[in-house]
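What follows is a set of notes on a single structure, which appears directly below.
Bear in mind that the values in this text are calculations on the coordinates, not laboratory data. Owing to the predicted nature of the structure, the values given are computational and were not obtained by experimental measurement. Cβ coordinates were reconstructed from backbone atoms using ideal geometry, including for glycine residues, and neighbour counts include every protein chain displayed.
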Amino acid sequence: MTTKTPLKIGIIGCGGIAHAKHLPALAKLTELGEMTAFCDLVEERAAIAAKQYGTADAKIYTDYTQLLQDETIDVVHVLTPNSSHSVITVAAFEAGKHVMCEKPMAINSLEARKMIDAADKAGKKLTIAYQNRFREDALMLKDACNDGYLGDIYLAKAHAVRRRAVPTWGVFMDKEKQGGGPLIDIGTHALDLTLWYMSNYKVKSVSGTAFHKLKDQNKANLFGEWNPVEFEVEDAAVGFIKMENGATIFLEASWALNTLDVREAMTTLCGTKGGAEMRRNPLNGNPDLFLNAEIYGKLVEVKPEMNASIPYYGSKVENEADREARQWLEAIIEDKEPLVKPEEAYVVTRILEAVYESSKTGKEIIFN
């Protein structure tokens, strides 16, 4: 069973992530979907987004419940602070819409479960915006994992480390609205990638620590000085995750940490046949992928070339946001599963929640 095209899309939340990722990507896919409604608590933000990316008759709202009453809208993108992800998503399903929700899925696992239950009840599709799965290096590494190039992956490190890059805009440092700091903000990407590569979502236990150490060291921040009084969340966190099959994951996340090993939305994988390293190219900042193995009694490393093009001709290359948007809309139209399944994102949320809980209690959190 297929769905009409182009889909009618409603945008809820017209802030930074909307303009940085979702709106430009959707604007390239008008044959699949068109943005017909925009909602933001600040009406001017919704109006600006509608003028730049919407249809000629796009509607503007400051109340998302009014947008959801529009029966012509097929799908909504929930691009609001973390604390409102679940309530808006559930309301959207009750209104009969498909939903893409920005990461993290929700502020805790209870709210995330409500989203899955609402999607199942409505018979609509739900996905979470983990766009890093759609990077060229990420897709190639997933193929390598699926093909058994690494063998059984039993040890992994999920990297989400910034040296000094605390986001000073929006509500990032507001614990109530975001649920936490770098762990829930960028650690969620690294953990999602790692679990996806391992094809392993059966968690045995989690322990971890959240640090509040560098809130006063605000002078050299990439995004300018932050107000230490407003810095309510952790500046760094680590987690130790044991899976039911014995595999182990080390998770590290920071906005501010005295380290030179800076990597974000990347992973290190160690398998019985080979390994993989994701790093940032020091010259152009692009992701680099390194595969390693033993061949004929020798250790070898392979660095695939990404985004190759013919000189003077170039090539049309989709970025990860474009691929994410296309796959999502095609999943709705063709009635197939989105690449990022809500059940997978739910496990990510449970693990993040457990790291925070372990840090608070000093105990290992055992999963059922």
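Could you work out the helix-only [θ] at 222 nm for the chain, with each DSSP H run of four or more residues adding -39,500 (n - 2.57) and the total divided by the number of residues, to the nearest 500 deg cm²/dmol?
Helix contribution divided over all residues of the chain: -8500 deg cm²/dmol.
Could you state the per residue volume, in Å³, of the convex hull enclosing the Cα atoms of the stretch 228-300?
In the stretch 228-300, the Cα hull volume divided by residue count equals 140 Å³.
What order do you get for 283-290, 176-183 when each peptide is scored by the mean count of other beta carbon atoms within 10 Å, highest first?
Highest-to-lowest ranking by the protection proxy: 176-183, 283-290.
With θ set to phi - 60° and the Karplus curve 6.51 cos²θ - 1.76 cosθ + 1.60, what are the ³J(HN,Hα) couplings of the stretch 266-278 in order, to the nearest whole Hz, using x for Gly and Pro?
9, 8, 10, 10, 10, x, 6, 10, x, x, 8, 10, 9
Relative to the first principal axis of the alpha-carbon coordinates of the chain, what is the inclination of helix 188-198, with its axis defined by its Cα atoms, in degrees from 0 to 90 and to the nearest 10?
The angle comes out at about 60 degrees.
By its C-alpha gyration tensor, with a ≥ b ≥ c as the square roots of the eigenvalues, how is the stretch 187-321 shaped: rounded for a/c under 1.5, else prolate for a/b larger than b/c, else oblate?
Here the stretch 187-321 falls in the oblate category.
Taking the Cα centroid of the stretch 212-239 and of the stretch 15-51, what is the distance between the two, rounded to the nearest whole Å?
Value for the Cα centre distance between the two parts: 30 Å.
Sort 153-159, 163-169 by the packing proxy (mean of other Cβ within 10 Å over each peptide's residues), most packed first.
Descending mean neighbour count gives 153-159, 163-169.
Take the alpha carbon atoms of the stretch 17-155, find their radius of gyration, then divide it by 2.2 N^0.38 Å using N residues; give the quotient.
1.19
Between the helical axis of 320-333 and the dominant principal axis of the chain, each derived from Cα atoms, what acute angle in degrees is found, rounded to the nearest 10?
60
Taking the chain as the reference, fit the longest principal axis to its C-alpha atoms, fit the long axis of helix 342-361 to the helix C-alpha atoms, and give the angle between the two in degrees, 0 to 90, nearest 10.
So the helix axis and the longest Cα principal axis differ by about 60 degrees.
Test of understanding: in a Gaussian network model of the chain with alpha carbons linked when under 10 Å, which of Glu343, Glu244, Glu111 would top the mean-square fluctuation ranking?
Checking each option, the largest mean-square fluctuation is seen for Glu244.
Distance cut-off 22 Å, Cα to Cα: go down the list Lys125/Lys242; Lys114/Lys360; Lys28/Lys114; Lys8/Lys124; Lys157/Lys215; Lys157/Lys219 and report the pairs above it.
Lys125/Lys242; Lys114/Lys360; Lys28/Lys114; Lys157/Lys215; Lys157/Lys219
Please pull out the direction-averaged projected area of the chain, using the convex hull of its alpha-carbon atoms, in nm² to one decimal place.
20.6
Output the peptides 216-222, 336-342 sorted from most to least packed, where packing is the average of other Cβ atoms within 10 Å over each peptide's residues.
336-342, 216-222
Kindly write out, for the stretch 216-233 in residue order, the coupling ³J(HN,Hα) from the Karplus curve 6.51 cos²θ - 1.76 cosθ + 1.60 (θ = phi - 60°), rounded to whole Hz, with x marking Gly and Pro.
8, 8, 10, 7, 9, 6, 4, 9, x, 5, 9, 8, x, 5, 7, 7, 8, 10
Report the percentage of all Cα-Cα pairs in the stretch 82-169 whose separation exceeds 15 Å, rounded to a whole percent.
The proportion of pairs with Cα distances above 15 Å equals 70 percent.
Taking a point 7 angstrom from the Cα of Gln327 along the C-beta vector, which residues in the stretch 101-131 have backbone N less than 14 Å away?
Once the point is set 7 Å along Cα→Cβ of Gln327, 127-131 turn out to lie under 14 Å by backbone N, inside the stretch 101-131.
Using Cβ contacts closer than 10 Å as the measure, can you line up Leu329, Leu352 from fewest to most?
Neighbour counts put them in this order, fewest first: Leu329, Leu352.
For Lys121, which lysines qualify as cross-link partners when the Cα separation must be under 17 Å and same-chain residues fewer than eight apart are set aside?
Qualifying lysines at Cα under 17 Å: Lys97, Lys341.
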